[in-house]
Structures are given as C-alpha cells and as structure tokens.
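Nothing in this text is a laboratory measurement; each read-out follows from the coordinates by a stated rule. Given the structure is predicted, the values throughout are model-derived calculations rather than measurements. Positions of Cβ are generated from backbone atoms using ideal geometry, with glycine treated the same way; all protein chains shown enter the neighbour counts.
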Amino acid sequence: MAAPGDPFQLADGRPPGVQLPAAHRLDVPVPADGRSGRRRRPGPGGVADAGRRPRGGSPRAGGAGFRRATGAQAQPLGPLGICLGTDSLQNRTTSPQMTARTRIASVLAASLLVAAAAAQDTASPRPLDSRFIRWLERVGPLISDEEREFFVNLPEDYRREAFIQAFWKARDPDPRTPLNELQVLWEDRVDAALTQWGTLEDARALFYLLNGPPGRFILPDGRTAAYCLSRTSELEIWFYGGSDRTSRHFVVIFLATSRGKPYVFWHESPVRRPTSRRGLPTTNITVLCADEWFGWSAQAVQRDLASNGVIEEVSAAPEPPDEWLATFAAFNTDVPEGAPRFDIDIEWDYPGRNQTRTVTHGLVMVPGPSAGRRTFQEREYHSFHMTGEVIRDDHLFETFRYRFELPASGSAEDSIPLVFTRYLRPGEVQIRLKIEDVFGQQFAVVNEMIDVPNLEEAQSLRKSILETFPALAEANQAAARGERLLRLVPPRDERLRVGMVRFSTHAIGDFDAVAFSLDGREILRKRRPPFGVELNLGSHPTEHRIRVEGLKDGKVVASDEMSVNRGGQRFRARFIEPRSGEQYLQSTRASVEIAVPDGEEIERLELFLGEERIATLYQPPWVQPVVLDGPDLTYLRAAAFLADGSSTEDVVFINSPNPVERIDVQYVELFASVVDARGRPIPELEQDRFRITEDGVQQTVRRFEWVDDTPFHAGLLLDVSASMRDSIGQVRAAAQRFVDSTLEPRDRMAVLAFANRARVESRFTKDRGQLARALAGLKATGTTSLYDSLVFALSYFDGISGQKALLLLSDGKDENSSFTFESALETAQRSGVTIYAIGLREAAADRTTRRVLERIAEETGGQAFFIDGVSQLDAIYARIERELRNRYLLTYQSTSTRPDSEFRVVRVDVDARDAEVRTMSGYYP
C-alpha cells in the first residue's frame, strides 16, 4: 500500500486542492463499445472526408492488430497521473527490422518528408494533391516505405484513390462485414491523438495509434495502473498490461526535451542529463513520479530494450499484408518506355444484360503477321496478356486481367481474335487496355471512350461484332438470355435450413413456364406467377442446390441457381454453361460458378478447350466466350486457384452423341489413434497389425502411414453462455495457451463461440494474433443451444479434407436448440470431424449431458473429458494435442454396394497388447 503523500496514491486519496494540468488529461481512450466519437463509413478512397467524424456502426472485434475495447472508459487521471482500471486491447506481434528508438524516429520523420518527396519526384506527371499528402500523414505508422514510394509515384489521381481503397482492403480484419474495422478504428484514433497532443509527431501519439490506450498493468504493490504523469508536465510513464499488438506487459517512458516540443521515447540514461531538457520547470528528473517508480520503470525499459523484447515489437509498424502491392501493381495499363508497339482493331458488342448491367463484349483483332509465335511440341502458339481499366467520372470503376494462349492458325495472315466480357453500367466510360504480345515482346494500347447502351439501345448495335467475327453468334445468343431476368431470392440469413422451405423468385420478362429443380431433379413447373415453390430439404442440414429455369417456346431463356446449407470451407468450381451433351457448332459461352472458402479469394481461373489452355481470368465475371474448332466432341475444363495454390476443377463435355456418365471412385480415409491402458499413444505399428471391416466385410488397406506431423484443421467451440461468466477469463487463457503450444505453420485453427446461437469469431487461420483477438473478445451471456451450435460448427468444416478436429467445451445441458440430439449426431457422423468434448461442472454432473458428450465423441473417434474446474483445462488440451500429433492414416476403397443414403459401420482392430483404437464408427457416403 502506498504511503501517505505518495504521488501514486489512488484517486479517492487525492490530497485536497491537487489539480492536474490540462495537458495531462487523456479523456479520449476507446470507450467500451469500441468507439471514440461518432463513426462513419469511409468516404470514396478513404480520403475525401478524412477530417470529418464518422457516423453509425460499430467495429467488430479482431483483425490487423486491433479489436474492440473491453471495458475502457474515458476516465480523468488520478493525482499526479495515476489512472487505474482502464482498458487493455489485444494481441499482435511482429518482427521489426530496426530498434524501437530508430523505428519511432523514422515513422515520425516519414510524414514530414512526404510533401517534399512528392514535390521533388520528377517521375510523377501530376503534383501530389494536398488530400493525398494529408492521407499519407494520417497513415504514417501503418504504411511501409515501399507502399509510400509506390503511392507517390502513381501517375494519376484515380489510381491513388484506388490504391487507398486497396490499402485498407488488404488490412481489413473481417471482410465479411460491411465496415473495415481497422480503417474506422484508425481514423478515430488519429482524430483522438490530434485532439490530445495536436500532432502525430509526438511519440505518445505513435504508441497510442499502434497499441491503443495503456492500462490493466499490475504494479508491484498490486494496484492496476495505466498512466503515471508528473506535476511538471515533462515526464509520462505508460503501463501496458497487454495491448493491440501483444499480450505481454510492458512499460514505456516519454520525456519532453524542451517546452512546447513533442515528447520523445526515453530509452537510455543519457537522456536524463539536465541539459537535455533546458527550459523545463525542473532539471532533476529523479524526483518526478517518485523515485521508486521511475527507477523501477527505467530498469524495466532498459531490460526490455537490451534483450530486444516487447517494446521492439510494439513500436514497429505492422508488416503489410503479403503480395497485395504486387497484385495492385499488376493491374496497370502503363507500357514500358521505349517498348515496341503493334496495332490492333477493337470492336464492342452488347449481347444482353446481367441484372442491371449491360453485358459488354470486347473483340480485339490482332494482325497475324505482326504477332509473335513460339513452337511447343511441334505446334505453334500465340500468348497475349491483357490488362484493362474502366474509368467512370474520373474514378477507377474496375480493373481486369486476362491471359490468352491460342494455337496459331495455318495461315500467318489470319487475324487472331481476343474476346473478353465485362458487365458495365449504361453510360459513358473510358476504357484503357494494355495488350502484351509475350512471344513478340511488344505492346498494343487502347484508350477510348465508349457509350455503354441500356438493353433497348443494345438491340440495334448487336450485329456489328458478328459481322467482323460471325463465329461468336452462339456465344452471344447465350449471353442474350439475360434479357429475361429470373433470380432466386436468397434467404434472409445464413442459418441452416431443414424441412419445408419456401423459395421465391424475381422475374422480369415473358415465360411460358418456370421449372424448379432440387439437386438436379425437377420438382415443379409453374405456368403463372407468382413463381415460387416449397421444397422439402429433409431432416438433416446437408447442402442442396436449387435451380430455376424460365422456358419460352420449349427453350431455356433464363435461369438461376443457389446453394443452401453450404459449408463455409467449400471450394468448388462448376460450369453453368455450356451444358453437358448439348450441341454447339462454332462457339459457346463458358460460365463458371465458384464457391470459395470463408475468407479466401480466387487468384485465377484457367479455362481449357480439350487439353489446351485458352484463357486465364483473374477476376469476375467468370465468363468467357469460346470459339470451337467445329461440331466435334470435345470438352471444356475449368481450374480455379486460390492464392496458396489450392485448386478445384470441373469438366463439361459438349457435342457428345450420348449422355456422359460420371463414375466416382470412393476412398474412405480414417485417422485412428492407438493408445495403451494409460491413454498414451502407441507409435509406429506396422500395417499388418491393422484390420478394417465395413459392415462386417474386411477391406483392403490401400494406404497406411504413421502421421506425427500431418497438418490439421481444428476448431475451438466454446460455451459462452451466462453460466460461464465467472470462468470465461480462465477459459480464454487456457485456449490461448493451447493455440500457442499447438499451432504449426501448416495447421489452421478457428474460434467459434455459442450461447443462444453459434457464431464464427475467427475463421480458419494460421495467424496466432487473429485467434488471440477472437479469444480475448469472448463474453459470457445468454442460454445454451448445444445441439444447434454443434451442427453449425460441424457444417463450418464442410469442404475441408484431411485431419479435422473440433474441441467442444460446455458447462451445461442443451436448453433451447431447434435441432435434436439425433440430428446433431447424424451431422457428426457425416462430417468426418473428430470431436473432443470437455464437460465442466453441471455438464460433468448431469447424467444425460455426460452421455450426450460421450456418444458424440465416441462416434467420431474422439474422447470426452469431464472436469470440476477450468484449472484442469491445460492438462486436457495437452492430451488432445498429443493425440492429434500421434495418429495413423488408413485408406481403403469401399466394396459396399449399399445405397448412399445408408450409414456404413466401420471397425478398426489392431494386434497389440492392451491397445485401444479410436476412430470414427462409420460414415455416410
């Protein structure tokens, strides 16, 4: 306890008459709801209204080193600067390249050099506008030197605006939400820092921007502190019990070197010399803020800096997201200076409509004699890269890229057609194209204005492109289906759906009938509006495809499809057009639907005609006119790729005289744990010790291996109902320790929480900081919907292959689920996810709940644990980790002929003394 007169005394012990100078009152920390003032959606490009306060909305927790505050209040500081009980924000660590002192100096100096750099940059054809200079100053601690230099050297303002949008998008912690939480929080903090200190050059501003307000630091005498300020306004000590960047505790000291000058970061003893602070009220720093606390804090700072500790991390700007700048730079239409040029012809066609936009085809005709070609396996090919920009009202509307690899025709005099599709709004737009002839090492450039017509105006313009290249007639006819609009109305929310569900449509145009199909089977055909249908989706929430087709004169003239109950991790490409078995003479329209895992983006889509790649698309729409060699049997293949190299494919056969039947070869993959009587893994058993039966019939093992380093996807499903309120902090901490000790670079983890309903707090990721932010944001409230939450979590795994595990933690029985235990059990059996169930207190004591958790774990090859208190969680998590890293992988081809709708019982036996095998009890095909 502080002695009487101690300047660190509590607020209720303030000596009479003590008043703090205004400069010491930091009344702008982020409040409990995550806001610091009003909120707004970022304006166009994020810069035009940078000085105004935002309105509406509330940032969600997580992402890029920032999350919502939990309990911070705008508190006046106690006597002599002690502020107790303020908030700490949460975790992200980086690996800075410079020392903290050098990094701070470079960041503070960078914004001062921006304007001069822009003025001196002779490569920039247009001076840097003041709004862009202001934006660079406001993002100084976030932007890298490479990003800043690239931004300053951009030749056009519309590209700078696009850069700013891409800059924030790359750092968006949760792209699923309409607001960019980091951008909104950063703008608020910049405004707060300018209000508090009047400049961003102050070291305190830098630490506040990067780490949030200090607080929740436990002093040696047991009190919780945030700020320690001096009476003479020349010294501040900030105590962080964790911040936006790290969960570790640290202390930062700021010093005013001269009256009216920004504070600097105190880093070593020479700064304490009186001559370094001429003009201040006192030259004896040792009497400020009490000798014991300054001395203790100074030692803490020096120990940290000497060991390159946490201050090194929290003072460095976060690393920018990987490769976003290279991707942005790739979408430019600038031609290298002095590069050879070649001429092209270009025509535009508008064959139909896609919702409110006009389908726009661009036809580039490259003269054959001027095109480069190269021979591969005795055949010549052309290769062209196309980059385009669509500019509307001096703003970049969209960018696009294509790659064309085409076999050379027999005659070098033939022109080479390059066709691309965009969906544009009616009106005047500027199109800029750069076409690179890769083999000819030359470029063509297009820069022209086009007036995109609406649907009625497009009717009279349709024949122009067909006169130049009539082979596109069939592809254009397919695009013209958009003139009649038929759209399925999506469900209001993303909850899982079972039983009878009604689906409505939005229809424009004349139809003889509208047909509804469920999973490829036509269910109903209606001839009069309203065009809606009720479909039975069964009792289990499996994925279903609903398709609607509008018919006119016996032909399909409009259509739409949607998936319901699709798992968040599903990655799939599927041809919408052309249709298998239909006849196409000269051309077709390749239209591909791609389902993308939660949080991922498509890197590219490659289209093949036969075995030859003909086009690569780097952005939607995933639509491409394709010229055929004739009416012979052939096939189109679509291969979609994610940034990490993952891919998925689809194939469609066209001009086939007979229906093409697909045959799926089914392999069953089992991950099995083998443990002894004490629950310890038994490693490296031989294959001949294992025996697998399916429905009592022995199966032949096709693949066998001991896997101690196989990556996995693991989900933490945590009960955050109101009954967990007293233990939620310990639950969060134990889960964080599990993440820290278990997660390897090839693994992925997700955090899901449930009370009345389940929600994804962090998608599958290898980012420890993102997982830590999700865990730290958990709060206990509501009732327990155990079965609904289990079904939701298992459905989230849908689309993931390989080793999968769900760690379920709950302290109570199910109270208000709409799904039954039987539905949850069937979902678990279908999922292929190993479930480890942990029951706390009531869940451990209640016999029914115990049996529920035991049954679900046993059926999936996991295990159930029951504990009295959260202090036992670390041991349970360690056991689960050990089991995940010590398993056997067995694969076999099923010999069963039973219907796919029936459950198949699997049993694995091992010839080893006192050995127990845990694996899934069976599966649904």
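For region 482-654, the normalised intensity computed at q = 0.08, 0.09, 0.11, 0.12 Å⁻¹ comes to -0.28, -0.36, -0.54, -0.65 (log10 of I(q)/I(0), Debye sum over alpha carbons, equal scatterers, no solvent). Between residue 448 and residue 651, the contour length at 0.36 nm per residue exceeds the Cα-Cα span by 69.4 nm. Convex hull volume of the C-alpha atoms in region 646-743, normalised per residue: 286 Å³. Return the tail of the calculated pair distribution for region 880-925, meaning the percent of Cα-Cα pairs more than 14 Å apart. Pairs farther apart than 14 Å: 63 percent. Using 16 Å as the cut-off for backbone N distance, which residues of region 353-395 belong to the label zone defined by a point 7 Å from the Cα of residue 441 along Cα→Cβ? Hits in region 353-395 for residue 441 at 16 Å: 371-375, 383. Going 7 Å from the Cα of residue 815 along its beta-carbon direction, which residues of region 754-779 have the amide nitrogen within less than 14 Å of the resulting point? Within reach of a label on residue 815, which here means backbone N under 14 Å from a point 7 Å along Cα→Cβ, region 754-779 contributes 754-758.
Sorted fewest first by neighbouring Cβ atoms within 10 angstrom, 313, 815 come out as 815, 313.
Between residue 644 and residue 392, full extension at 0.36 nm per residue minus the direct alpha carbon distance yields a gain of 87.4 nm.
Compared with the direct C-alpha span, the chain from residue 500 to residue 414 gains 25.2 nm at full extension, assuming 0.36 nm per residue.
Roughly what would the spin-label model give for residue 593 and residue 332, points 7 Å off Cα along C-beta, in nm? Result for the modelled spin labels: 3.9 nm.
Taking a straight line from the alpha carbon of residue 434, not one of the lysines sits under 22 Å away once near neighbours fewer than eight places off in the same chain are left out. Please give the Cα centre distance for region 126-178 versus region 187-264, rounded to the nearest Å. Rounded to whole Å, the Cα centres lie 27 Å apart. Volume per residue for region 331-465 equals 116 cubic angstrom (convex hull of Cα atoms). What you get for region 331-465, charging only the Cβ of Lys and Arg (+1) and of Asp and Glu (-1), is a dipole of about 420 debye around the Cα centre.
Taking the average, over residues, of other Cβ atoms within 10 Å as the packing measure, peptides 766-774, 631-639 rank 766-774, 631-639 from highest down.
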